[in-house]
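Note sheet for the following structure.
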Amino acid sequence: MSLVELHAIHKSFGALQVLKGIDLKIDEGQVIALIGKSGSGKSTLLRTINGLETIDDGTIMVAGKKVGDHDTDLLQLRLNVGMVFQQFNLFPHYTALENVMLSPQVVKKQSKGEARKIAEEMLAKVGLSDKMMHYPDQLSGGQQQRVAIARALAMKPRVLLCDEVTSALDPELVNEVLAVVRQLAEEGMTLVMVTHEMRFAREVCDSLVFMHQGRIHESGNPEHVFASPKTPELASFVGGLAG
Amino acid sequence: MPEFTLWDIVHNLLLAARWTVLLSILAFVLGSIVGLALLLVRTAGNRWAVRFVRGYVELFQGTPLLMQLFIVFFGLPLLGLDVSPWIAATFGLTLFTSAFLTEIWRGCVESVAKGQWEASTALGMNFTQQMLYVILPQALRIAVPPTVGFSVQVVKGTAVTSIIGFVELTKAGTMITNATYAPFTVYGCVAVLYFLICYPLSLYARHLEGKFRHVTR
Ligand SMILES: Nc1ncnc2c1ncn2[C@@H]1O[C@H](COP(=O)(O)OP(=O)(O)OP(=O)(O)O)[C@@H](O)[C@H]1O
Ligand SMILES: [Mg+2]
């Protein structure tokens with residue numbers, strides 16, 4: 001069984017149908033890139049996986065359990081699914097270390113010592129051991145995003161969702177964040193990422209999922225999909241990127 | 001007829017001013033507690049709770065404080081509750097204060113970025129944890145200046161309780177005027193005393209505003 005299984009997911013915002021029946025399986029250790037035009041529903045799909053958006057119809061299974069809309073279900077779900085956002089969303093009133101320690105302490109009820117140990121480990125992993133005592137506004141965008149990744153990892157999720165994690169960064173800061181994501185992928189972390197970094201997707205991802213108008217229009221091995229798109233929509237999307 | 005010196009007047013007003021200060025503090029503290037409870041109820045977001053709090057706020061913001069006090073003072077006895085001016089004044093001002101504070105604080109909570117809610121939700125926190133560790137600490141920083149600023153309104157609001165017979169600064173001023181026939185002197189002193197209570201609060205609020213404006217965390 002796959003780690004995450006989405007079946008016939010439907011979602012509307014008012015009259016606007018954003019997801020029109022999504023089926024997707026994500027295996028343990030798989031790295032998936034979600035691509036598609038703006039408004040095609042990539043973020044919405046990602047956010048349904050950890051319950052930030054409720055769904056109108058369909059089923060979501062994570063780690064073999066069906067996700068209901070009960071609060072305890074959602075909590076259980078979020079322990080398995082971490083998320084990193086485009087805008088970092090660090091807690092500005094806490095230091096980097098405190099940002100990473102908070103959730104293990106209050107949600108998982110870990111002791112301060114335990115939480116600190118894990119936080120230091122995670123911050124070391126993203127290369128920020130020397131910035132632990134800094135507040136978010138004392139860090140560059142790239143550093144903030146790496147703290148956000150460490151914060152998500154400290155909860156030991158089984159899958160990490162990344163929504164355009166480099167889109168808010170100055171170009172010279174993109175690579176330090178991508179390097180961290182690449183390292184996670186190499187270590188076997190299950191990743192679902194919405195990205196516009198096509199070269200990165202090609203190099204790092206096992207599978208590429210192209211969304212178009214609320215549906216998965218085409219998917220498969222990145223090399224394949226890029227080299228010979230089967231649908232004109234993907235061809236024009238890929239072509240648009242090149243040109 | 002006895003002669004009143006200026007010191008007699010000021011002395012008696014100072015004694016009464018204690019009650020103005022005490023009533024202000026009571027109303028502010030109790031109003032903060034009720035206001036915080038209303039804020040939590042409203043933010044937790046049950047549709048009926050939201051409506052109730054909105055109605056509550058509109059009721060107290062949309063009617064004169066004097067009418068609110070009258071209704072408390074004359075209404076509660078109709079329900080068989082015997083209320084002293086003290087209780088009526090405290091109760092009335094608490095309701096008034098809570099309505100304004102909950103509205104001020106709601107604005108502060110709403111000004112915390114949406115991403116903070118999303119990130120803390122994604123980390124598995126429940127509503128109480130989010131409020132406690134993520135939202136309120138940030139909202140509080142924003143809330144301090146307007147809250148201190150509003151405390152001035154509470155102090156001035158206590159003057160209205162003189163009408164229901166609560167002897168604070170304004171009521172004492174009226175009584176002393178009746179004895180001395182020196183309204184200008186007496187009310188002049190009353191005004192100065194209010195100013196001495198309120199001005200430091202205003203100054204402090206302004207100082208905080210300046211201080212917090214530059215602080216992002
Ligand atoms: N909370 C919301 N309320 C109403 N409409 C929404 C909401 N969230 C998203 N939408 C709409 O749903 C559609 C899909 O949005 P979504 O954010 O999933 O797109 P996306 O593929 O991530 O686009 P982008 O590349 O711009 O991030 C858009 O038309 C968007 O305006
Ligand atoms: Mg998006």
Criterion (within 27 Å of A:V4 (Cα to Cα) and assigned to a helix (DSSP H, G or I)) met by exactly one of A:V100, A:V174, A:V165: A:V100
Among what's in the range A:72-117 and is over 21 Å from the mean Cα position of the chain (by Cα) and of a type in the set (A, V, I, L, M), pick the residue that is farthest from the other protein chains (Cβ to nearest Cβ). A:L97
Subset of the range A:59-71 [assigned to a loop (DSSP other than H, G, I, E, B), away from chain B (no Cβ under 14 Å) and surrounded by 12 or more Cβ atoms within 10 Å (Cβ to Cβ)]: A:A63, A:G68
What's the number of the condition A:Q183 fails, among (1) within 16 Å of ligand 1 (Cβ to nearest atom); (2) more than 14 Å from chain B (Cβ to nearest Cβ)? (1)
Considering only residues of the range B:65-95 that are hydroxyl-bearing (S, T, Y) and in a helix (DSSP H, G or I), which is farthest from B:W19 (Cα to Cα)? B:T94
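Let's see how each residue does on (1) more than 14 Å from every other protein chain (Cβ to nearest Cβ); (2) within 15 Å of ligand 1 (Cβ to nearest atom):
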| position | (1), (2) |
| --- | --- |
| A:M1 | yes, no |
| A:L6 | yes, yes |
| A:H10 | yes, yes |
| A:I35 | yes, yes |
| A:S40 | yes, yes |
| A:R47 | no, yes |
| A:D57 | yes, no |
Going through the range B:118-140 in order, the residues found to be within 27 Å of the chain's Cα centre (by Cα), facing chain A (nearest Cβ under 9 Å) and surrounded by fewer than 19 Cβ atoms within 10 Å (Cβ to Cβ) are B:L132, B:P137
Within the range A:83-97, take every residue that is over 13 Å from B:L123 (Cβ atoms) and part of a loop (DSSP other than H, G, I, E, B) and give me the one that is nearest to ligand 2 (Cβ to nearest atom). A:Q86
Could you tell me whether the range A:119-130 includes any residue that is over 28 Å from A:Q17 (Cβ atoms), among the polar types (S, T, N, Q), more than 16 Å from ligand 1 (Cβ to nearest atom) and away from chain B (no Cβ under 12 Å)? yes
From the list B:V112, B:V154, B:V148, pick out the single residue that is in contact (Cβ under 8 Å) with a residue 24 or more places away in the chain and within 14 Å of chain A (Cβ to nearest Cβ). B:V112
Members of the range A:146-165 found to be buried (at least 24 other Cβ atoms within 10 Å of the Cβ) and within 16 Å of ligand 2 (Cβ to nearest atom), listed by number: A:L161, A:C162, A:V165
Return yes or no: is B:A89 touching a residue at least 60 places away in the same chain (Cβ under 8 Å) and under 20 Å from the mean Cα position of the chain (by Cα)? yes
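No lab work stands behind these numbers, since they all come straight from the coordinates. Keep in mind that what you see is a predicted model, and the values were worked out from it rather than measured. Please note: Cβ atoms are built from the backbone with ideal geometry, for glycine as well, and neighbour counts cover all protein chains shown.
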